[in-house]
Amino acid sequence: MTLDEAAAEESIALPRWDVSDVHTSFAARSFTDAIEQGSADVDRLTALFDELDIRDVVPRTPNAADGIGADRAIAGWNAASRQLELLEAYVYATVATDSRDAAAQGLMSEIEAIGARFAPLLARLADWTDSLGVDALADVSDQAGEHVGPLRRLAARSEHQMSESEETLYAELRTTGSEGWGRLQRDITSQLSARVELADGVRTLPMPAVRGLATDDDPAVRRAAYDAEMQAWPTVELPVTAAMNAIKGEANSVNSRRGWKSPLEASLFANSVSSATFDAMQAAVADALPDLRSWMRSKAALHGHDGGLPWWDLVAPLPVAPGRISWNDGIEVVRSAFDRYEPALGALVDRAIDERWIDASSRDGKTGGAFCMPFVDDRSLVLLNWSGSAESAQTTAHELGHAYHNTRLAHRTALQRRLPMALAETASIFCETLVVEAGLARTSGSERLALLDIDLQGTNQVIVDIHSRFLFETEVFERRRRRTLSGAELRDMMTEAQSTAYGDGLDRSTLHPYMWLLKPHYYGSHFYNWPYTYGLLFGLMLHGRYQDDPERFHAGYDELLSRAGMDTAEELGASFGLDVTDPATWSAALDAVRARIAEYERLADEIATVDSVP
């Protein structure tokens, strides 16, 4: 069977999600009614906010009438938010898997327009809460009392808001500004194909499938896929460059208007992470970079390279233990590891399969990468681009970790479950760690080395590559304050950031200058990168607590997940005795990474010694 035939056969067998139980189609009466109701709900809520004067008011002590008003306003906002969230997820389920569907794209635009009318209401609630005081409101309102954490965040946000009219105008303009440019980037990159020159001929593949070849067993295939990317990405560089300039330029202007000292300051606030915590994490990361570079050089040697690792081998399976795995076997690996931790977590895997939460195959028009989004009640939608690699199994565990987190949030209101990105990665990283630990417990020799390789290449991406993205985006924001940037400048900034982060761990003649072009994170939010590092290391901290005392950990973990949208990063850490403002806390988490690197290098040396014996 050829590579094409095998890929086609597995693609047919891979699951695709099904949302028809919610609405049978976009033409269904239930769906058109839901759109009309969503729009009407926003209109009614706007009228209620006007009636109650929910906006920036002269500070005063709230009375009983204010308490009733807070109850109505918060409950109304929660209900409208849930309705819009479900509408958006239902339509995006099609947009994400087929960006060529014009009907879905049109409906997404319509929902975004409704959202633009809804967004200013949260800004008004923030101003009103700040004016009256959160604790005082909680004394007269049951709803305020149940939402103290989120309301305190809103009150603090009020200090960084424009006037009501400016916030309203910006919400409307975003739909044709940054959101429109972000949609352009997603559509262009999801519809891009590339010609891959292989030994048995040239194949034209969707870009997600091309990028999936980075985990192929054959080094010639990996190199061919990298070369194909280098040929394909320049063909869409011009419009995506325009998107980057528009989105980051808009962010600079709005952040300045809102009184943020920098885009990073705004990002830290949005993630409920203090600057002290961020600085402590970054200091620990900087100290760990040499260790990860050492791992890359060790991996390079196993692949027969002198010095640094070529880009196309960063996520390659080891030649001593090829990493191909079938979908069914990959799911079983995840299920088994989850079940070992807790049967309820293992059962979630079966539920996701049986209820068709997952869309796994790569195909034309489908967005690249992977994500999980909440859907109905405690159900999620999980997008994957399964490549048949062991790394794909880890990605599956990661996204199903998000799905488990969503089940712990299902009883929370919309306002309580507005997760900061840094805290949203906790369950996903924890679940990945469960899979790795379960595998290490049953393997030895080259098989153990291969598993460590998969784990460390993911860690390397989240620490080293994410650091390069942070450096890149910092420089983009700084330069974009002065002028528009060219595609060539963006490429140069990307390779400079990669050189700084990867150092001598990477063969610098093989950098990837187009990583800024293909990552949707740059186009949907700002500084979306460092929260992944936070999630990885916080997840490792929690896994350490689990190993120390499994019974006590179980008692508090689900509560921590359910409060991720209500508490700060520092408060969540303290609930498990972790001071995340202390660099030593982060260094301790990285010690677990260093221990795996040391074992990897020891096993690699042993295998190299055996192979060298005549």
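The values are calculated or read from the model by the stated rules, or taken from the named source; none is laboratory data. Predicted, not measured: the structure shown is a model, and the values here were computed from it. No Cβ is skipped: glycine too gets one built from the backbone with ideal geometry, and neighbour counts run over all protein chains shown. Please note that ligands, DNA and RNA were not included when accessible areas were found on the heavy atoms of the full protein model with its side chains. Shrake-Rupley method; radii C 1.70, N 1.55, O 1.52, S 1.80 Å.
Side notes on the structure shown:
- Residues in the stretch 488-510 that are surrounded by 20 or more Cβ atoms within 10 Å (Cβ to Cβ) and in contact with a helix residue (DSSP H, G or I) (Cβ under 7 Å, 6 or more places away or on another chain): Leu490, Met493, Met494, Ala497, Gln498, Ala501, Tyr502, Gly505, Leu506.
- When the test is whether a residue is in a loop (DSSP other than H, G, I, E, B) and at pLDDT 95 or above, Ala27 passes it.
- Which listed residue, of Ala414, Ala422, is within 24 Å of Leu537 (Cβ to Cβ) and either assigned to a helix (DSSP H, G or I) or modelled with pLDDT of 95 or more (or both): Ala422
- Filtering the stretch 183-198 to residues that are touching a residue at least 40 places away in the same chain (Cβ under 8 Å) and open to solvent by less than 40 Å² (accessible area, probe 1.4 Å) leaves Gln185, Asp187, Ile188, Thr189, Ser190, Leu192, Leu198.
- Restricted to the stretch 249-358, the set of helices (runs of 4 or more DSSP H) holding at least 3 residues that are closer than 24 Å to Pro531 by Cβ and among the charged types (D, E, K, R) comprises 275-302.
- Residue that is nearest to Glu159 (Cα to Cα), among those in the stretch 76-104 that are touching an Asp or Glu at 6+ places or on another chain (Cβ under 8 Å) and among the polar types (S, T, N, Q): Gln83
- Hits in the stretch 30-84 - residues which are basic (Lys, Arg) and part of a loop (DSSP other than H, G, I, E, B): Arg55, Arg60
- Looking across Leu154, Leu122, Leu87, one residue alone is open to solvent by less than 10 Å² (accessible area, probe 1.4 Å), part of a helix (DSSP H, G or I) and within 20 Å of Met566 (Cβ to Cβ). It is Leu154.
- Of residues in the stretch 437-484 being among the basic types (Lys, Arg) and within 28 Å of Leu302 (Cβ to Cβ), the one modelled with the highest pLDDT: Arg469
- Among residues of the stretch 423-475 being without any contact (Cβ under 8 Å) to a residue 60 or more places away in the chain, closer than 14 Å to Ala497 by Cβ and open to solvent by 30 Å² or more (accessible area, probe 1.4 Å), the one that is farthest from the chain's Cα centre (by Cα) is Glu475.
- Residues satisfying the criterion are present in the stretch 240-258 (criterion: surrounded by fewer than 17 Cβ atoms within 10 Å (Cβ to Cβ) and in contact with a His (Cβ under 8 Å, 6 or more places away or on another chain)).
- Conditions (1) farther than 30 Å from Pro206 by Cβ; (2) at pLDDT below 95; (3) in contact with a Gly (Cβ under 8 Å, 6 or more places away or on another chain); number of the one not met by Gln191: (1)
- Residue list for the stretch 94-110, restricted to those being in contact with a Phe, Trp or Tyr (Cβ under 9 Å, 6 or more places away or on another chain) and either surrounded by 21 or more Cβ atoms within 10 Å (Cβ to Cβ) or at positive phi (or both): Ala96, Leu107
- Those residues of the stretch 261-281 which are in contact (Cβ under 8 Å) with a residue 24 or more places away in the chain and polar (S, T, N, Q), in sequence order: Ser262, Ser267, Asn271, Ser272, Ser274, Thr277
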